[in-house]
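Enquirer: Okay, here's the structure, questions in a sec.
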Amino acid sequence: GKILYMGCVDPHLIYGCEVTLNTSSQLFDLLFDVQKAFFRRLLGLSKTSIKAAIFSETGIMPLQFRWLILALRSLSYFLKRPADTYVRAALNESISLHTQGKSSWFGPDSDVLGDFTKTITNEALRWVESELERVDKRSYLLQLRQEPHENGGSKYRTMWLRQYLKDIQNAQHRKALTRLLSGDHPLAVVRLTWTDNHRIQVPHDERVCRFCKQAVETPEHALLEC
């Protein structure tokens, strides 16, 4: 699914970003919704699932950060071209217009880009971590997880194509586990936070298991205790 996304969907979402970055939040949201919808469908998550799970479970780069990285790479390429090439001449002219306070291709990009690709990548990781912390009551199973490392050990990864997505061959089982880990499940610990049908939110300690009536109905209780 990730290969299909990178080959058929991603090219449409990043088209032209190397030259002109989209500075409109409304237009960006339309494209970001496509990215979220694709991976929610792939992982079997609902429309109300936490968006950070899409990136923490697949290792895919959030669209806004991918745009910035590609734009920086292109700018780096332009700057490395010899002075007598068309692309370098066009860049120099655009920078000259920008320094004179006139409209140019370089203006919007210089405002949006920032300093370094590595910095942007680190910001993407921090953004995913902050999103997980913001919805920690639903995403606590996604936090502080380690993935197998090449040397036989394990390493903490914020965004990574998770091993269980590769190991579990049954699609229904794989999607069920993803929903469980991301808090997109019908167990009482999550279900009773919804205020639909004029029902008020139930306090956490009162979201008891429907079978044993003894403990809060959490994923770990349902799988390992009850």
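Enquirer: Please compute the length gained on full extension between THR23 and MET6, using 0.36 nm multiplied by the number of residues separating them and subtracting their Cα-Cα distance.
Expert: Values: separation 17, 0.36 × 17 = 6.12 nm, distance 2.30 nm.
Extra length available between THR23 and MET6 comes to 3.8 nm.
Enquirer: Please give, to one decimal in nm, the separation of the simple spin-label points placed at TYR164 and ASP33, each 7 Å out from Cα toward the Cβ.
Expert: Distance between the two pseudo-spin positions: 3.1 nm.
Enquirer: Go through segment 123-226 and name the GluC sites (Glu not before Pro) that are in a DSSP coil and have 14 or fewer other Cβ atoms within 10 Å of their Cβ.
Expert: On the way: sites: GLU123, GLU129, GLU131, GLU133, GLU150, GLU206, GLU217, GLU220, GLU225; in loops: GLU150, GLU217, GLU225.
Listed in order of number, the matching sites are GLU150, GLU225.
Enquirer: Given points 7 Å out from each Cα along the Cα-Cβ axis, report the SER103 to LEU223 separation in nanometres with one decimal.
Expert: Those two pseudo-labels are separated by 5.5 nm.
Enquirer: To the nearest 500 deg cm²/dmol, what mean residue ellipticity at 222 nm is calculated for the chain from DSSP H runs of n ≥ 4 alone, each contributing -39,500 (n - 2.57), summed and divided by the residues? Display every interim value, and only then the final one.
Expert: Working: 12 runs with 118 residues, N = 226.
That comes out to -15000 deg cm²/dmol.
Enquirer: Right, something else. Past the 22 Å Cα-Cα mark, which pairs from LYS2/LYS47; LYS2/LYS137; LYS2/LYS36?
Expert: Among LYS2/LYS47; LYS2/LYS137; LYS2/LYS36, the Cα-Cα distance tops 22 Å for LYS2/LYS137.
Enquirer: Among the aspartates and glutamates, which have Cα under 18 Å from the Cα of LYS175 when same-chain residues fewer than 8 positions away are ignored?
Expert: GLU57, ASP167, ASP184, GLU220
Enquirer: Sticking with this structure for a sec: Quick one: work out Rg over Rh on the C-alpha atoms of segment 186-226, Rh as Kirkwood radius.
Expert: Working: Rg = 10.3 Å, Rh = 10.4 Å.
Checking Rg against Rh, the ratio lands at 0.99.
Enquirer: In terms of modelled amide H atoms, which long-range or inter-chain residues lie less than 5 Å from the amide H of GLU147?
Expert: The answer is LYS155, TYR156, ARG157.
Enquirer: Using a Förster distance of 35 angstrom, determine the FRET efficiency expected from the C-beta separation of TYR15 and HIS173, and round it to 0.05. Show your work: numbers first, answer last.
Expert: Working: r = 36 Å, r/R0 = 1.03.
The formula returns an efficiency of 0.45 here.
Enquirer: For the chain, what is the charge dipole size about the Cα centre, in debye to the nearest 20, if Lys and Arg each add +1 at the Cβ and Asp and Glu each add -1 at the Cβ? List each step's numbers first, then the result.
Expert: Details: 30 positive and 25 negative charges, 105 e Å.
Dipole size: approximately 500 debye.
Enquirer: Can you tell me the alpha carbon radius of gyration of segment 1-76 divided by the globular rule-of-thumb value 2.2 N^0.38 Å? All intermediate terms of the calculation are to be shown ahead of the outcome.
Expert: Values: Rg = 12.6 Å, N = 76, 2.2 N^0.38 = 11.4 Å.
Dividing the Cα Rg of segment 1-76 by 2.2 N^0.38 Å gives 1.11.
Enquirer: Sticking with this structure for a sec: Out of residues 5 or more away from VAL208 or on other chains, whose amide H comes under 5 Å of its own, with H placed 1.01 Å from N in the peptide plane?
Expert: GLU217
Enquirer: Can you tell which of PHE39, LEU91, LEU165 lies farthest toward the positive end of the dipole of segment 2-170, using +1 and -1 charges on the Cβ of basic and acidic side chains (Lys, Arg; Asp, Glu)?
Expert: LEU165
Enquirer: I want to make sure I understand the PRE zone here: with the label point 7 angstrom from the Cα of GLN143 toward its beta carbon, which residues in segment 182-226 have backbone N atoms less than 15 Å away?
Expert: Zone members listed by number: 182-183.
Enquirer: In sequence order, what are the phi-derived ³J(HN,Hα) couplings for segment 44-60 according to the Karplus relation 6.51 cos²θ - 1.76 cosθ + 1.60 with θ = phi - 60°, rounded to whole Hz, with x for glycine and proline?
Expert: Rounded to whole hertz, the list is x, 8, 7, 5, 9, 5, 5, 6, 5, 5, 4, 8, 5, 8, 10, x, 6.
Enquirer: What dipole magnitude, in Debye to the nearest 20, does segment 113-226 give about its Cα centre under +1 on Lys/Arg Cβ and -1 on Asp/Glu Cβ?
Expert: Values: 18 positive and 16 negative charges, 64 e Å.
Around 300 debye, computed over segment 113-226.
Enquirer: So, one more: Taking the Kirkwood radius as the inverse of the mean 1/r across Cα pairs, report the Rg/Rh of the chain. List each step's numbers first, then the result.
Expert: Details: Rg = 22.3 Å, Rh = 20.5 Å.
With Rg and the Kirkwood Rh in hand, the quotient comes to 1.09.
Enquirer: Would you mind putting 137-143, 179-185 in packing order, based on average other-beta-carbon counts within 10 Å, highest first? Kindly include the intermediate steps, with their values, before the conclusion.
Expert: Details: 137-143: 16.7, 179-185: 21.3.
Averaged packing, sorted descending, gives the order 179-185, 137-143.
Values quoted throughout were computed directly from the atomic coordinates according to the rules given, and no laboratory measurement underlies them. Since the structure is predicted, the reported quantities are computational estimates derived from the model, not experimental observations. Methodologically, a virtual Cβ is constructed for each residue, glycine included, from the backbone with ideal geometry; neighbour enumeration extends over all protein chains shown.
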